[in-house]
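**Q** Handing you a structure now.
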Amino acid sequence: YSPRSVAAKPNEVNTALKLASMAMACPTARLRVIGQHSDDLRSGENPATGRLRAKAMMAMLVGKGIDSSKIIMAAPSRSMNTDDQSGSRLDFDVIVD
């Protein structure tokens, strides 16, 4: 993600789709999606930006056939150091209930 963007790169969507598919294969597993926001005050981002990123990813996954009950949106988002060059603003965990 570039700063203030909520659109994910195709490889991020593919990774999330792979993890969500793994979660769907296990009855007690869920995919936890955690949106992040920049820690740079000049970026104009805040925790709501992170939540919007997570919601956008959830909508993309559901649009690709993932059952929404298999996805958990974690809150609150955490600020991320903008020196990290990965560009990602999402974290994923596959968790077991």
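The values are calculated or read from the model by the stated rules, or taken from the named source; none is laboratory data. Keep in mind it's a predicted model, so treat the numbers as computed, not measured. In this analysis, Cβ positions are derived from the backbone assuming ideal geometry, glycine residues included, and neighbour counts consider all displayed protein chains. These accessible areas exclude ligands, DNA and RNA; they are computed on the full protein's heavy atoms, side chains included. Shrake-Rupley method; radii C 1.70, N 1.55, O 1.52, S 1.80 Å.
**Q** Of the listed peptides 48-58, 10-20, what is their order by residue-averaged count of other C-beta atoms within 10 Å, with the highest listed first?
**A** In decreasing order of mean packing, 48-58, 10-20 become 48-58, 10-20.
**Q** Classify the stretch 6-70 as rounded, prolate or oblate from the Cα gyration tensor: take a ≥ b ≥ c as the square roots of its eigenvalues, call it rounded if a/c is under 1.5, otherwise prolate when a/b beats b/c and oblate if not.
**A** Prolate, because a/c is 1.5 or more and a/b exceeds b/c.
**Q** Also, quick follow-up: Beta carbons within 10 angstrom, averaged per residue: use that to sort the peptides 23-36, 61-74, highest first.
**A** 23-36, 61-74
**Q** Run the quick spin-label model on SER69 and ALA25: label points 7 Å from Cα toward the beta carbon, then report their separation in nm to one decimal.
**A** Between SER69 and ALA25, the label points sit 2.1 nm apart.
**Q** Largest first, how would SER21, SER43 line up by accessible area (1.4 Å probe)?
**A** SER21, SER43
**Q** Within 13 Å, Cβ to Cβ, of ALA59, how many net charges do the neighbouring residues add up to if Lys/Arg are +1 and Asp/Glu are -1?
**A** +4
**Q** If I model a spin label at THR15 and ALA59 as a point 7 Å from the Cα along the Cα→Cβ vector, what separation in nanometres do I get?
**A** The modelled label-to-label distance comes out at 2.2 nm.
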